[in-house]
Amino acid sequence: MEREFLARSYRTTLALLAVVALFTFVYLGPRAALGVAAGAVLGVLNLRLIEELVVHWLRPQGARVGRVALAALLKLALVYGAGYLLLARGWVDPLAAAAGFPMILAVIFLKALGRMYVARAGVEPPAPSATRGQGKEPR
């Protein structure tokens with residue numbers, strides 16, 4: 001799995017989160033919406049820090065021990081500490097947070113399923129544009 005695939009998955013998850021949090025706010029209230037949002041953000045952060053751990057630990061040139069330790073400490077402090085604080089203080093709905101946390105995994109699964117479908121259908125997916133993100137459309 002390429003790192004760019006994960007980066008796109010993070011962005012897609014955060015975009016999906018905006019929609020899901022809005023609907024959750026309307027139908028279940030602010031505490032549930034905050035729970036879904038906190039769970040999804042912590043899920044993305046968790047996977048991002050795991051990515052950093054793996055990339056810097058399993059390098060061909062040898063592990064970057066400092067980067068690995070920093071990623072592990074950040075994961076412990078940010079993900080687990082924030083999760084505990086949010087749940088222990090009752091700021092978020094635990095069920096909503098549990099629903100938001102695996103959102104990144106659902107996005108990755110669906111993106112991989114889409115890739116598999118496109119590959120089996122024999123359709124060439126569009127190549128990423130060199131001008132993407134610069135406000136220019138390719139001609």
Qualifying residues in region 103-127 (those that are open to solvent by 50 Å² or more (accessible area, probe 1.4 Å) and touching a residue at least 40 places away in the same chain (Cβ under 8 Å)) - the one farthest from residue 48 (Cα to Cα): 111
Residue that is farthest from residue 48 (Cα to Cα), among those in region 7-19 that are of a type in the set (A, V, I, L, M, F, W, C) and without any contact (Cβ under 8 Å) to a residue 60 or more places away in the chain: 19
Entirely in region 23-139, the helices (runs of 4 or more DSSP H) that have 1 or more residues that are modelled with pLDDT of 95 or more: 30-57, 82-88, 94-100, 103-121
Hey, residue 3 within 14 Å of the chain's Cα centre (by Cα) and within 20 Å of residue 81 (Cα to Cα) or not: no
Check on residue 55, surrounded by 14 or more Cβ atoms within 10 Å (Cβ to Cβ), farther than 28 Å from residue 20 by Cβ and in contact (Cβ under 8 Å) with a residue 24 or more places away in the chain: yes
Number of the condition not met by residue 68 [criteria: (1) crowded, with 16+ Cβ neighbours inside 10 Å; (2) within 21 Å of residue 106 (Cβ to Cβ); (3) in contact (Cβ under 8 Å) with a residue 12 or more places away in the chain; (4) more than 19 Å from the chain's Cα centre (by Cα)]: (2)
Test: residue 11 is under 30 Å from residue 127 (Cβ atoms), in a helix (DSSP H, G or I), at pLDDT 95 or above and of a type in the set (Lys, Arg): yes
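The values are calculated or read from the model by the stated rules, or taken from the named source; none is laboratory data. Since the model is a prediction, treat every value here as computed from it, not as a measurement. Heads up, the Cβs are rebuilt from the backbone with ideal geometry, glycines too, and the neighbour counts pull from every protein chain shown. When the accessible area is computed, the model is the full protein with side chains, heavy atoms only, and any ligands, DNA or RNA have been set aside. Shrake-Rupley method; radii C 1.70, N 1.55, O 1.52, S 1.80 Å.
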